[in-house]
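The values are calculated or read from the model by the stated rules, or taken from the named source; none is laboratory data. It should be emphasised that the depicted structure is a prediction, and the values quoted were computed from it without experimental measurement. Glycine gets a Cβ as well: all are built from the backbone with ideal geometry, and neighbour counts include every protein chain shown. Note: areas computed on protein heavy atoms with side chains; ligands, DNA, RNA excluded. Shrake-Rupley method; radii C 1.70, N 1.55, O 1.52, S 1.80 Å.
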Amino acid sequence: MFNWRNSQDRYGKTAMLLHWSVALLFLALYASVYFRQWFTEPRTDLNMTALHLHLSFGIIVMVFVFLRVIYKLWDRTPEEVEGSKFEHFAAKSAHILLYAVMIIMPLTGYFGTGLNTDFFFAFEIPRFRDTFVYDVVVTQWLGLSWEAFEKPVDFVHKRGGATLVWMLIAVHIAAALYHHFWRKDDTMRRMLPVKLKDK
């Protein structure tokens, strides 16, 4: 029987829902952007449809990550499984990097886009460049032009998305599998919505 809140040794339904929702949304993000790059011609209707899907998924990721951070601060975290100080340090560092990436990538994607987001073709979300926040922070406080602001933001989003994100995801999955098959502890089990058979 799963609880909605975390327990001492297991994540609850809420944490699982947020975790797996973000994971699936990241897959949708990459599926849409790679489909656009590999299978469409620039500026075609299909190309722009894939782009708007990518932007729409990105906005949902921002919302879910925000909720996930709030929930993580509010609810308890299950106790750490047995391991060395180095293993615990490595695990915490990897999680901090993952959270940083989950926040930075959607934000830089929205900050750097040059067009409004046709949010799942239901309504438009204004691009950051046309918002009050951009005018105050970027134009007035930082004194930057759009070109000077967009170039580093776009670099972080595209270069980070192509390399760093995949590296962190691979490390995250590898660590979960290592704990499950080599260490044979409950690290992976306690985040799964379906209970596996006892070891």
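Do we have any residue at all in the stretch 1-8 that's touching a Ser or Thr at 6+ places or on another chain (Cβ under 8 Å) and either assigned to a helix (DSSP H, G or I) or modelled with pLDDT of 90 or more (or both)?
No, every residue in the stretch 1-8 fails to be touching a Ser or Thr at 6+ places or on another chain (Cβ under 8 Å) and either assigned to a helix (DSSP H, G or I) or modelled with pLDDT of 90 or more (or both).
With open to solvent by less than 60 Å² (accessible area, probe 1.4 Å) and within 11 Å of the chain's Cα centre (by Cα) as the only criterion, which of F66, F57 stands out?
Of the residues listed, the single one that is open to solvent by less than 60 Å² (accessible area, probe 1.4 Å) and within 11 Å of the chain's Cα centre (by Cα) is F57.
Looking at T117, T77, which one is touching a residue at least 60 places away in the same chain (Cβ under 8 Å), crowded, with 18+ Cβ neighbours inside 10 Å and either polar (S, T, N, Q) or in contact with a Lys or Arg (Cβ under 8 Å, 6 or more places away or on another chain) (or both)?
Exactly one residue qualifies, and that residue is T117.
In the set I125, I173, which member is in contact (Cβ under 8 Å) with a residue 60 or more places away in the chain and of a type in the set (A, V, I, L, M, F, W, C)?
I125
Mind checking which residues of the stretch 80-98 are in a helix (DSSP H, G or I), surrounded by 11 or more Cβ atoms within 10 Å (Cβ to Cβ) and not basic (K, R)?
Across the stretch 80-98, the qualifying residues are E87, H88, F89, A90, A91, A94, H95, L97, L98.
Do we find a residue being closer than 26 Å to R189 by Cα and modelled with pLDDT of 90 or more anywhere in the stretch 48-62?
Among the residues of the stretch 48-62, at least one is closer than 26 Å to R189 by Cα and modelled with pLDDT of 90 or more, which makes the answer yes.
Answer yes or no: is there a residue in the stretch 40-49 that is open to solvent by 30 Å² or more (accessible area, probe 1.4 Å), under 28 Å from A175 (Cα atoms) and part of a loop (DSSP other than H, G, I, E, B).
no
Considering only residues that are under 27 Å from H54 (Cα atoms) and open to solvent by 100 Å² or more (accessible area, probe 1.4 Å), which ones fall in the stretch 167-199?
M167
K158 - would you say it is over 26 Å from K72 (Cβ atoms) and at pLDDT below 80?
No; evaluated as a whole, the condition is false for this residue.
Restricting to the stretch 76-120, and then to whatever is out of contact with any helix residue (DSSP H, G or I) (no Cβ under 7 Å at 6 or more places or on another chain) and among the acidic types (D, E), can you tell me which residue is modelled with the lowest pLDDT?
Here the answer is E82.
Condition check: basic (K, R) and closer than 26 Å to F149 by Cβ. Does R127 satisfy that?
In short, yes.
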